[in-house]
Amino acid sequence: MHKHKHMDVFFLPTKSGMIKIYSYGFSSGESWGQVFTEYNDITVSVKGYNQKKAIIKSISRLNDSLLNKNRDK
């Protein structure tokens, strides 16, 4: 397994906290990568070949998790 030396980090401030997006891999067109999205106590992980699509998918899953958490309260 190759170690990925490149990691992208995005911070998105919100009214109730900070969304942190960690993306690594995606070094060439054929290599997969992984995206971790964190918000308060929820973490979502997505693997894929396209960085933009993986980031969008992880944010979408985070949104679904937040909606389900609020529905359970």
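When region 23-38 is limited to residues that are among the aromatic types (Phe, Trp, Tyr) and at pLDDT below 95, the one that is nearest to residue 70 (Cα to Cα) turns out to be 24.
Each residue in region 12-32 was checked for being more than 15 Å from residue 63 (Cα to Cα) and under 11 Å from the mean Cα position of the chain (by Cα), and 3 of them qualify.
Note on region 18-44: residues that are open to solvent by 50 Å² or more (accessible area, probe 1.4 Å) and either under 20 Å from residue 6 (Cβ atoms) or touching a strand residue (DSSP E or B) at 6+ places or on another chain (Cβ under 8 Å) (or both) amount to 13. If the condition is being loosely packed, with under 13 Cβ neighbours inside 10 Å and charged (D, E, K, R), then region 60-73 contributes 64, 69, 71, 72, 73. Give the residues of region 50-59 that are modelled with pLDDT of 90 or more and open to solvent by 60 Å² or more (accessible area, probe 1.4 Å), sorted by residue number. Correct list: 52, 53, 56, 57, 59.
The values are calculated or read from the model by the stated rules, or taken from the named source; none is laboratory data. Since this is a predicted model, take the numbers as computed values, not measurements. Ideal geometry is used to build each Cβ from the backbone, glycine not excepted, and the neighbour counts take in all protein chains shown. Areas reflect the complete protein model, heavy atoms only, side chains present, ligands, DNA and RNA absent. Shrake-Rupley method; radii C 1.70, N 1.55, O 1.52, S 1.80 Å.
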